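Notes follow the structure.
Just so it is clear, none of the values below were taken in a lab; they were calculated from the coordinates. Quick caveat: nothing in here was measured; it's all calculated off a predicted structure. Here Cβ is always computed from backbone atoms with ideal geometry, including for glycine, and neighbour counts include all displayed protein chains.
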């Protein structure tokens, strides 16, 4: 298929054609031979050289049009695409409760460290649909399953602590993520649950959500963020923001039961490097047969127009200055 890399250059052909039309309509200087008895000559037929002289400007116009086409960079495009296998649908359920502001993942807090790792995870899976659920005292879908990872990353960037009233509804967050996978037809359906606390909102028990995931064939990977004990935490006071040591605790037993019930894995991240390793492990575990071969190449054709344009320009110069040169 013939395409142009820069098709807007073709618009330059309009002024070139206008110039040719103007040159054709504009009367040129006519040679005059003064003689006292012009009647003696009678009607003289026009010579072929005189007729050829009128065609010389059109050689230049033709050359300019060929140059315009060459500037548009014509090319013949070929493509080959082979896609085999089945993708994975992944929902990320992210805790955005107040405790995610703890600074034990310095220089960032837990939430920002988790967002950084999730961005890298999304970038590494271009062929999988990924969605995002956030939860605190309630849960909602921040982004449904999508292949548009640029949009997904934009929604991830907007997440912050305080979007939802404080609390940690692990069961509700998990159930919301599993519900988004209910109608998925992917070969593998997965939830990655990240939290740094204990379920303290009795809306829906986490074990019930895990049973729902097991029934639907959804595998759940649970990630405990932070360490037990005290952690630095920003606190706003009348004198400004201060850093205080706050007691934090993660219910590892609950997260392990959820993972075991659904065939997933539970792990704990106490620093940014550990969190990155955990997501790398999940990335390796969640692999299915998927062969993608996309190839596009172009045969450049600009030379096929540029070379004739050069020949026409040389020919027009030779014809005008040598063969059809006007003598005084």
- Item | Stretchable slack from residue 205 to residue 285, in nm (0.36 nm times residue separation minus alpha-carbon distance) | 26.1 nm
- Query: Which order do peptides 224-232, 108-116 fall in by mean Cβ count within 10 Å, highest first?
  - Reply: 108-116, 224-232
- For the range 187-266, what value does the Rg/Rh ratio take when both radii are computed over Cα atoms and Rh is the Kirkwood radius, given to two decimals? 1.14
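Within a 10 angstrom radius of the beta carbon, how do 243, 258, 67 rank from fewest other beta carbons to most?
Least crowded to most crowded, the residues run 243, 67, 258.
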- Query: Regarding the range 239-286, what is the average projected area of its C-alpha convex hull, in nm²?
  - Reply: 5.1
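Roughly what % antiparallel, to the nearest 5, for the DSSP beta bridges in the range 93-163? Walk me through the numbers on the way to the answer.
Numbers: 6 of 9 bridges.
Roughly 65 percent of the DSSP beta bridges within the range 93-163 come out antiparallel.
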- Quick one: check the C-alpha center-to-center distance for the range 196-274 versus the range 124-163, whole angstrom. 18
- If R0 = 45 Å, then residue 215 and residue 10, at their Cβ-Cβ distance, give a FRET efficiency to the nearest 0.05 of 0.15
- Message: Using a 10 Å cut-off around each Cβ, can you sort 132, 212, 17 from fewest to most neighbouring Cβ atoms?
- Response: 17, 212, 132
- For the range 87-288, how big is Rg over Rh, using alpha carbon atoms and the Kirkwood form of Rh? 0.95
- Query: Once label points are set 7 Å from the Cα along Cα→Cβ at both residue 311 and residue 155, what is their separation, rounded to one decimal in nm?
  - Reply: 5.9
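Please report Rg over Rh for the range 90-145, where both radii come from the alpha carbon positions and Rh follows the Kirkwood definition. Kindly include the intermediate steps, with their values, before the conclusion.
Working: Rg = 12.2 Å, Rh = 12.1 Å.
Reported Rg/Rh (Cα atoms, Kirkwood Rh): 1.01.
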- Message: Run the simple label-point estimate for residue 186 and residue 243 please: 7 Å along Cα→C-beta, distance reported in nm.
- Response: 3.8
- Task: Would you please classify the overall shape of the range 105-187 from the alpha carbon gyration tensor, given that a ≥ b ≥ c denote the square roots of the eigenvalues, rounded means a/c under 1.5, and beyond that prolate means a/b larger than b/c while oblate covers the rest?
- Result: oblate
- Item | Estimated distance in nm for a label pair at residue 140 and residue 123, the labels positioned 7 Å out from Cα along Cα-to-Cβ | 2.9
